[in-house]
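Below: one structure, written as structure tokens.
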Amino acid sequence: MQPFSYHHASNFRDAAGLLAEPASLALGGGTDLLVWLKEGLATPRSLVDLRDIEGLREIDARPDGSLRIGAAARIDDLATNPIIVERWPALAAACESVGTTALRHMGTIGGNLCQRPRCWYLRRNISCLKNGGTGCPAATGENQYHAIFGGGPCWIVHPSDPAVALTALGAAISVGSTNGTREVPIEEFYVLPSERMEHETILTAGEVVTAVTLPAASARGVQRYYKLMQRGSWDFAIASLGLARRESGEVRLVLGGVAPRPWRLSSSIEEDLASGSLDEADAETLADRALYDAKPLSKNGYKVALARALIARAIVELIRS
């Protein structure tokens, strides 16, 4: 592991200044970052610890009915928070499905949303597009867990469970730096490899996630989070799905584990579901439509069937509710 300096930030202004320095990285729970450091996949000059900055771990219900979640809030805080469990249960369920009990108590929501891909080629430092190589070995290699949507020229999948639920709930991400704070819809926060190769988000040098906001409009209604794993627990999603039907009737369906970012289904499918004119016999047809643009690789075609099953299940539950 390359030596680096450690800074304990007492306020965000100091943290932003430190993060603006070249080769500085933010430290939250460290559950993913420390692995990157140990394996030599990240070589920062300094780490800036954000965990004790005032307000960064708070979960605040606002008068307008929205909820602000500080980026340093632990995953377990979200899984067990009574307001989230009651009003945004899809997020609580997604957080409950993350890793092990120990990881949920250590990992932060900001870190979870910004964690790097789990591609075994990248993680083992095998030459690939993400680490400066000239090609993607997964394209023709061991690609069982790679993307069936949005891939090319790199076929990573984003590993975050909460990101899928938050996309279904229409969350906004607060991004802070020395230039202040900006709000970004979560659907604009993640980028495809074809748009940006060196990172999976819009964050630039010196920027860090400071909070996540859930809108009042997404509270309650019908919400679900489904996750399929190779093992029964403590694993990343092979395929997952976040479902939200707002009290206004708007429907949002988002797949996880199948694309480089949370993959929202087409608006036409969501609008058909919101119309209320469907019956259970339509579930299979809509699920087939949702997978029409899937492009599986040589060894991950099974993900198409899994995603189709999740979508059909969600549609049936919506129709019955």
Evaluation of E247 against (1) at negative phi; (2) crowded, with 16+ Cβ neighbours inside 10 Å; (3) modelled with pLDDT of 95 or more (one fails), failing number: (2)
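Confirm whether V304 is open to solvent by less than 40 Å² (accessible area, probe 1.4 Å), at pLDDT 95 or above and touching a helix residue (DSSP H, G or I) at 6+ places or on another chain (Cβ under 9 Å). Before the answer, list the steps.
Values: open to solvent by less than 40 Å² (accessible area, probe 1.4 Å): yes; at pLDDT 95 or above: yes; touching a helix residue (DSSP H, G or I) at 6+ places or on another chain (Cβ under 9 Å): no.
In short, no.
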Residue list for region 43-60, filter: open to solvent by 60 Å² or more (accessible area, probe 1.4 Å) and either part of a strand (DSSP E or B) or not acidic (D, E) (or both): T43, R45, R51, R57, D60
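Could you run through region 153-180 and say how many residues are touching a Ser or Thr at 6+ places or on another chain (Cβ under 6 Å) and not charged (D, E, K, R)?
Qualifying residue count for the region: 6.
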Near pairs, Cβ below 7 angstrom, 6+ apart or cross-chain, from region 155-167 (within 10 Å of L255 (Cα to Cα)) to any residue that is aromatic (F, W, Y): A165/Y225
Filter result (open to solvent by less than 60 Å² (accessible area, probe 1.4 Å) and assigned to a helix (DSSP H, G or I)) within region 21-42: L33, W36, L37
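Results for (1) out of contact with any Phe, Trp or Tyr (no Cβ under 6 Å at 6 or more places or on another chain); (2) closer than 15 Å to D32 by Cβ; (3) surrounded by fewer than 22 Cβ atoms within 10 Å (Cβ to Cβ), shown as yes or no for each residue.
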position: A79; (1), (2), (3): yes, no, yes
position: S97; (1), (2), (3): yes, no, no
position: T100; (1), (2), (3): no, yes, yes
position: T108; (1), (2), (3): yes, yes, no
position: H146; (1), (2), (3): no, no, no
position: S160; (1), (2), (3): yes, yes, no
position: T167; (1), (2), (3): yes, no, no
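Applying the selection to region 121-131, what residues are under 26 Å from E188 (Cα atoms) and either among the basic types (K, R) or within 19 Å of the chain's Cα centre (by Cα) (or both)?
Initially, region 121-131 is screened for residues under 26 Å from E188 (Cα atoms), giving 122-123, 128-131.
Within region 121-131, L122, R123, K130 qualify.
For region 118-134, give me each residue that is touching a helix residue (DSSP H, G or I) at 6+ places or on another chain (Cβ under 7 Å) and either farther than 15 Å from H199 by Cβ or surrounded by fewer than 18 Cβ atoms within 10 Å (Cβ to Cβ) (or both).
To start, the set of residues in region 118-134 that are touching a helix residue (DSSP H, G or I) at 6+ places or on another chain (Cβ under 7 Å) comprises 119, 121-122, 125-126, 128, 130-131.
Matches in region 118-134: Y121, N125, I126, N131.
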Some residue of region 174-189 being part of a loop (DSSP other than H, G, I, E, B) and among the small types (G, A, S): no
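The values are calculated or read from the model by the stated rules, or taken from the named source; none is laboratory data. Please read all numbers here as calculations on a predicted model, not as lab measurements. Cβ atoms come from the backbone with ideal geometry, glycine included; neighbour counts cover every protein chain shown. Only protein heavy atoms, including side chains, enter the accessible area calculation; ligands, DNA and RNA are left aside. Shrake-Rupley method; radii C 1.70, N 1.55, O 1.52, S 1.80 Å.
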